[in-house]
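Data block below; observations after.
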Amino acid sequence: MSRPHGLSKSRFTSGLQCHRQLWWKTHEPGAPELVPDAATHAIFDSGSRVGVVAQGYVPGGTPIDLPYDDYAGKLAATQAALATKPPAIYEASVSAGGVFVAVDILQRESRGWRVIEVKSSTQVKPQHVPDAAIQVLTLREAGLEISGADVMVLNSACRYPDLSNLFRREDVSAEVESTLPMVASEVKSQLAMLAGPLPEAEIGPRCGSPYECPFRSRCWKDVPEHHVSTLYYQSAHAQKYLDQGWVTIHDLPDGSVKNPTADRQRRAVQAGRMLVEGDLAATLRRFPAPLAYFDFETINPAIPVWNGCGPYTQVPVQFSCHVEAADGTLTHFEWVPEEPGDPRAELAARVVEACRGAACVVAYNASFEKRGLEHLAEAAPQYADALRDVIARMVDLLPAVRDHVYHPEFGGSFSIKAVLPALAPEFSYEGLEIAQGDEAAGVLATLLLDPDALLPLERAARREELLAYCKLDTLAMVKVLHRLRELASHGGDA
Ligand code: SF4
């Protein structure tokens, strides 16, 4: 059995976000945009692991464990399982009204069956309700008695090693019942749309909400440079600007942008050059030598594996630090674990050593590094005082850029990856095997938690790539601070 133009739970969810997205996913399932990259793979794998572990918290179920596309086999196995009335069925598969659903967990109750939708988030979100509702609708159409629906999420109060409370369930039956009429009508509308040509759809906030649409490069390809949606922190106002006929930042008149940073962006784009404003020199006096430019890489496993960690706790596992002496000499410190297992105590010791003697520890978006240091202080209390001393010396470089400088090439972002090529064009992340934080996190998670997924030579190569990536992050800070000093000393002239 195939379902080329039918709906599934995930396709229905896509269609709720945008019919055009659903049409492409259904009619072009092999589209290059749908081939998951490493980071997306890691999210899928993590979600699957959470789903399997969740089954253990509703024990005694019958698994419908067949290949992904064996729809007929799954339907038949589910019918057989239903007839034996087990306490639960995992991946119970049912088809009705043009919709195929595989329910994460179907739990038997005295009044019928309860749908349990497992989510690998820690919060029940509004978009989870239609996910559960499409299953309730389809199961009822197939003739099953459905008593209610729960969303089962990871419990952020859980702390390793006690995983007895790893999940919590929220009863969403009332919300599901009130959503059913909308879901029934939307199913009809999606099935009719899929039988026709590619529908039109307006680009806008829907392209990133509730999920990032994979087809942005198709629909947004004609969007001009400096579109109003790229204004710093102004996405909520983009539609208002468009409604006024202001399509790009060039169209925005004086006084139309209230946020001072976004307004500096507007003026820089309209002037076609970098603007440097305010007392940048005074701000830079907060960065006295010797300086330690510091950056962590972290992993955040959905299911905690080390003491004191909860679901998605950001755990620092790698660092890079460039130490700059008063005479400008740079010394580089770095570390990435060579063996699987909990690296926090060794990491803490090496971080303390690297930052020893620095008058100022520079971080970019320092709140992240401060949280990581605090986490290490709790995980390795023998270094707590020294780590908190590092926190006390830490100064954030990001506000020095954001509050004083805008270059038209920032593109509305003050991330180090947006800022570096504009301020120091000779440096770039291009050409690195690992060039994004989420890629680094995925590789680190594999090395530390699933090392056998890689051959020894691959592990060594990945480690080198991680070191190169993290090193560039701290070198980028060195270059950015140097450039800011140049700008301050020239009174802001680029
Ligand atoms: S990019 Fe936006 S308009 Fe285009 S398919 Fe995706 S959600 Fe729809």
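The values are calculated or read from the model by the stated rules, or taken from the named source; none is laboratory data. As the structure is a prediction and not an experimental result, all values here were calculated from the model. Cβ placement follows ideal geometry from the backbone for every residue including glycine, while neighbour counts extend to all protein chains displayed. Heavy atoms of the whole protein, side chains included, go into the accessibility calculation; ligands, DNA and RNA do not. Shrake-Rupley method; radii C 1.70, N 1.55, O 1.52, S 1.80 Å.
Listed conditions (1) within 16 Å of the ligand (Cβ to nearest atom); (2) assigned to a helix (DSSP H, G or I) are all met by Pro210, apart from (2). Apart from one condition, Cys18 fits all of (1) within 16 Å of the ligand (Cβ to nearest atom); (2) at pLDDT below 95; the exception is (2).
Here's the yes/no breakdown for (1) surrounded by fewer than 13 Cβ atoms within 10 Å (Cβ to Cβ); (2) within 16 Å of the ligand (Cβ to nearest atom); (3) among the small types (Gly, Ala, Ser):
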| position | (1), (2), (3) |
| --- | --- |
| Val153 | no, no, no |
| Arg168 | no, no, no |
| Glu177 | no, no, no |
| Pro181 | yes, no, no |
| Glu200 | yes, yes, no |
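Can you pull out every residue in region 213-235 that is more than 20 Å from Gln127 (Cβ to Cβ), buried (at least 16 other Cβ atoms within 10 Å of the Cβ) and more than 8 Å from the ligand (Cβ to nearest atom)? If the condition is that a residue be more than 20 Å from Gln127 (Cβ to Cβ), buried (at least 16 other Cβ atoms within 10 Å of the Cβ) and more than 8 Å from the ligand (Cβ to nearest atom), then His226, His227, Val228, Ser229, Thr230, Leu231, Tyr232, Gln234 are the ones that fit.
Criterion first (open to solvent by less than 10 Å² (accessible area, probe 1.4 Å) and of a type outside the set (Lys, Arg)) does Thr138 satisfy it? So Thr138 passes the test. When each of Ala268, Ala238 is tested for being more than 16 Å from the ligand (Cβ to nearest atom), of a type outside the set (Asp, Glu), part of a helix (DSSP H, G or I) and more than 21 Å from the chain's Cα centre (by Cα), the lone residue that passes is Ala268.
Restricting attention to region 1-54, the residues being of a type in the set (A, V, I, L, M) and in a loop (DSSP other than H, G, I, E, B) number 3.
For the structure I just gave you, tell me whether Thr248 is within 16 Å of the ligand (Cβ to nearest atom) and β-branched (Val, Ile, Thr). Here the answer is no, as Thr248 does not meet what is asked.
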